[in-house]
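The values are calculated or read from the model by the stated rules, or taken from the named source; none is laboratory data. As the structure is a computational prediction, the values presented were derived from the model and not from experiment. Don't worry about glycine lacking a Cβ; one is built from the backbone with ideal geometry, like all the others, and counts go over all protein chains shown.
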């Protein structure tokens, strides 16, 4: 256990973050986010406006607001489809917590636990989105099941 903690302390966020990040705009329809989640295997979309991070939408946020009858032809009604016409800014998490790429993975894990979030947008000094760090990224790295092998420099092999 101490070996894992030591590794987490020296491993940087930029070494294990996911990049590129799926993004969506503040005024996009909820339908667009639902399509992203339906097509891809991820759980968070970062909300942007003018290249700045404004929030995060999770697949759970989408499930909370859309009608359970959407996509079920025998039960779907017009009012069910209207739930897809809401805007992303209406459902996104606004109390945004971010982290820098040069922070340790251990600090990121502590921050995620303390703030009860499952992802952290990774934002550079310029304020631009560089990646996203999720609990899955951390667990994959600790478990040695990352999709890519990394050199000490953080470059994928």
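Tabulated values for the structure
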item: Test for residue 76: is it in a loop (DSSP other than H, G, I, E, B) and more than 12 Å from the chain's Cα centre (by Cα); result: yes
item: Among residues of segment 13-56, those that are in a strand (DSSP E or B), within 13 Å of the chain's Cα centre (by Cα) and either more than 11 Å from residue 121 (Cβ to Cβ) or modelled with pLDDT under 90 (or both), counted; result: 1
item: Search result, residues across segment 88-109 that are touching a strand residue (DSSP E or B) at 6+ places or on another chain (Cβ under 9 Å) and exposed (fewer than 15 other Cβ atoms within 10 Å of the Cβ); result: 94, 95, 102
item: Test: residue in segment 118-128 that is buried (at least 16 other Cβ atoms within 10 Å of the Cβ), touching a residue at least 12 places away in the same chain (Cβ under 8 Å), touching a helix residue (DSSP H, G or I) at 6+ places or on another chain (Cβ under 7 Å) and part of a strand (DSSP E or B); result: yes
item: Hits in segment 26-68 - residues which are under 16 Å from residue 84 (Cβ atoms) and in contact (Cβ under 8 Å) with a residue 60 or more places away in the chain; result: 27, 28, 30
item: Flag for residue 81 being within 28 Å of residue 135 (Cβ to Cβ) and either exposed (fewer than 14 other Cβ atoms within 10 Å of the Cβ) or out of contact with any strand residue (DSSP E or B) (no Cβ under 6 Å at 6 or more places or on another chain) (or both); result: no
item: Members of segment 135-157 that are modelled with pLDDT of 90 or more and either closer than 17 Å to residue 55 by Cβ or touching a helix residue (DSSP H, G or I) at 6+ places or on another chain (Cβ under 9 Å) (or both); result: 135, 137, 138
item: Which listed residue, of 132, 99, 91, is at negative phi, in contact with a helix residue (DSSP H, G or I) (Cβ under 7 Å, 6 or more places away or on another chain) and modelled with pLDDT of 95 or more; result: 99
